[in-house]
Amino acid sequence: MFSRNDFRPKVSIVTGGASGIGLEIARELHRRGSHVVLADLDEVKAKSAADDLGARASAAQVDVSDAEAVRALVDSVVAEHGRLDVMVNNAGVAVGGLLEELDQRHWDKALDVNLRGVINGVMAAYPHLTRQGSGHILNTASLAGLIPAPAMLPYTTTKHAVVGLSTALRAEAASLGVKVSVLCPGFVDTPLLDEVYAAPDSFGGSSVRNRVRLLQPKFLTPELTAQRAVDGLASNKAVIPVGVFAHMTWRALRYLPPVARAVIQVQATGHRRLNERAARRS
Ligand SMILES: NC(=O)c1ccc[n+]([C@@H]2O[C@H](COP(=O)([O-])OP(=O)(O)OC[C@H]3O[C@@H](n4cnc5c(N)ncnc54)[C@H](O)[C@@H]3O)[C@@H](O)[C@H]2O)c1
C-alpha cells in the first residue's frame with residue numbers, strides 16, 4: 001500500500017525558497033531526498049539557505065514575474081539534473097488595505113508576482129513534466145484564495161485566480177500523468193506579515209500583524225505549513241488548506257454561507273473602523 005513516506009521526489013524547484021513557507025517546503029522536500037533549487041529574488045538569502053541545507057541544494061536568483069527568466073531557470077535545472085519532479089510556485093508578496101487606499105502600483109505588484117509569477121512557473125515546468133509523464137506542481141495560494149478576504153483585494157483576487165488555475169489545470173493534467181495541488185494556509189508567521197507592499201498610511205507601518213491577529217490570534221508556523229503542504233503532495237490532495245482558521249472558515253462558507261458572509265462583513269467593517277481610529281490619532 002502507498003504510504004506518505006513513499007513520496008521521494010528527486011529534483012524540486014521552490015520559488016520564494018529563501019524565506020518563510022518556501023524555505024520550509026524546500027527543507028521538507030530535501031529531507032525526503034530531493035535535490036532542491038531555492039529560487040528567489042533575494043540571491044544572498046537563497047544562497048545562504050542552500051548552503052545551510054548542504055549537499056543536494058542549490059540557489060538561483062530569479063524574478064518570478066519575468067517569464068523568460070523563469071523558463072531559463074527551469075530549463076537549466078532539467079538540463080543539469082535530467083528531470084523535474086516538483087515545481088513549487090510559491091513566491092508572493094502581501095498587499096493590504098481597503099480599495100480606496102490602493103492604487104495601480106498595488107494591483108500591478110500583486111498581479112505580477114502572485115499571479116504572473118505562478119503562471120510563469122507553470123508554463124515553464126509543464127512541458128518538462130508532460131514529456132516525462134510525471135511530476136507535481138504545487139502552487140501557493142492562501143486562505144484568501146478560498147474565501148472573500150476584504151481589505152486586501154489585489155491579494156485576494158490573485159489568490160483566487162491561483163486556486164482556479166490550479167484546480168482547472170489539475171483536471172487537464174491528470175491524463176498526462178502530471179499532478180497539481182494548491183496550498184491555502186491561514187496566517188503564517190513569516191516576514192511577509194511585516195512587509196506589506198506600499199502599506200497605506202492607516203497601517204502605521206508595513207506590518208499587518210496586529211490587524212490579522214484579530215482574526216487569527218495564533219499564527220501558523222512555516223514548518224507546520226510546509227509539512228502539511230508536502231503531506232498534501234504525497235497524498236495528492238487538490239486543495240491543501242492549513243490551520244484550524246482556514247478549515248473552519250472555508251467549511252463555513254460552503255455549508256453556512258450566510259453566517260460566513262456576515263462574519264466577513266464584520267471583518268471589513270472592523271478594518272474601516274481601525275482606519276478611522278488611526279486617522280483620529282494622527
Ligand atoms: N505568511 C502568510 O500569512 C501567508 C498566508 C497564506 C499564503 N501565503 C503565501 O505564501 C507564499 C510565501 O510567503 P511567505 O509568507 O513565506 O513570505 P516570505 O516573505 O517569508 O517569503 C516570500 C519569498 O518570496 C520572495 N519573492 C518575492 N517577490 C519575488 C519575485 N518577484 N521573484 C522571486 N522571489 C520573490 C521573497 O524574496 C521571499 O524570499 C506567498 O505566496 C504568500 O502569499 C503567506
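The values are calculated or read from the model by the stated rules, or taken from the named source; none is laboratory data. On a predicted model such as this, the values are computed, not experimentally measured, just so you know. In this analysis, Cβ positions are derived from the backbone assuming ideal geometry, glycine residues included, and neighbour counts consider all displayed protein chains. Side chains included, ligands, DNA and RNA excluded: accessible areas come from the protein's heavy atoms. Shrake-Rupley method; radii C 1.70, N 1.55, O 1.52, S 1.80 Å.
Candidates are the residues of the stretch 22-36 that are aliphatic (A, V, I, L, M) and either under 20 Å from V93 (Cα atoms) or part of a helix (DSSP H, G or I) (or both); the one that is farthest from the ligand (Cβ to nearest atom) is L29. With the condition kept exactly as written, say whether any residue in the stretch 33-55 is within 20 Å of E172 (Cβ to Cβ) and within 21 Å of the chain's Cα centre (by Cα). Within the stretch 33-55, not a single residue is within 20 Å of E172 (Cβ to Cβ) and within 21 Å of the chain's Cα centre (by Cα).
Of all residues in the stretch 142-172, those satisfying the criterion of being assigned to a helix (DSSP H, G or I) and touching a Pro at 6+ places or on another chain (Cβ under 8 Å) are L143, T156.
Here is a yes/no grid of residues against (1) in contact (Cβ under 8 Å) with a residue 12 or more places away in the chain; (2) on the phi > 0 side of the Ramachandran plot; (3) crowded, with 19+ Cβ neighbours inside 10 Å; (4) out of contact with any strand residue (DSSP E or B) (no Cβ under 6 Å at 6 or more places or on another chain):
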position	(1), (2), (3), (4)
S181	yes, no, yes, no
V188	yes, no, yes, no
E223	yes, no, no, yes
H247	no, no, no, no
P257	no, no, no, yes
V266	no, no, no, yes
A278	yes, no, no, yes
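For the stretch 180-214, filtering for residues that are more than 11 Å from the ligand (Cβ to nearest atom) and among the hydrophobic types (A, V, I, L, M, F, W, C) leaves 5.
Scanning the stretch 3-21 for residues that are surrounded by fewer than 24 Cβ atoms within 10 Å (Cβ to Cβ) and outside any strand (DSSP E or B) yields S3, R4, N5, D6, F7, R8, P9, K10, S19, G20.
When A229 is tested against the conditions (1) surrounded by 15 or more Cβ atoms within 10 Å (Cβ to Cβ); (2) farther than 30 Å from G33 by Cα, the lone failure is (2).
Residues that are closer than 21 Å to I13 by Cβ, of a type outside the set (G, A, S) and open to solvent by 40 Å² or more (accessible area, probe 1.4 Å) do not occur anywhere in the stretch 196-203.
Remark: pairs (first residue in the stretch 4-26, without any contact (Cβ under 8 Å) to a residue 60 or more places away in the chain; second residue charged (D, E, K, R) and in a strand (DSSP E or B); Cβ separation under 7 Å; 6+ apart in sequence or on different chains) = A18/D40.
Remark: A234 falls outside the filter, which requires a residue to be in contact with a helix residue (DSSP H, G or I) (Cβ under 7 Å, 6 or more places away or on another chain), within 21 Å of A161 (Cβ to Cβ) and away from the ligand (no atom under 12 Å from the Cβ).
For (1) closer than 20 Å to E223 by Cβ; (2) within 14 Å of the ligand (Cβ to nearest atom); (3) of a type in the set (V, I, T); (4) under 17 Å from the mean Cα position of the chain (by Cα), each residue gets a yes or a no:
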| residue | (1), (2), (3), (4) |
| --- | --- |
| N5 | yes, no, no, no |
| K10 | no, no, no, no |
| A18 | yes, yes, no, yes |
| V62 | no, yes, yes, yes |
| D66 | no, yes, no, no |
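Screening G96, G133 for residues that are closer than 22 Å to A246 by Cβ and small (G, A, S) leaves exactly one candidate, G96.
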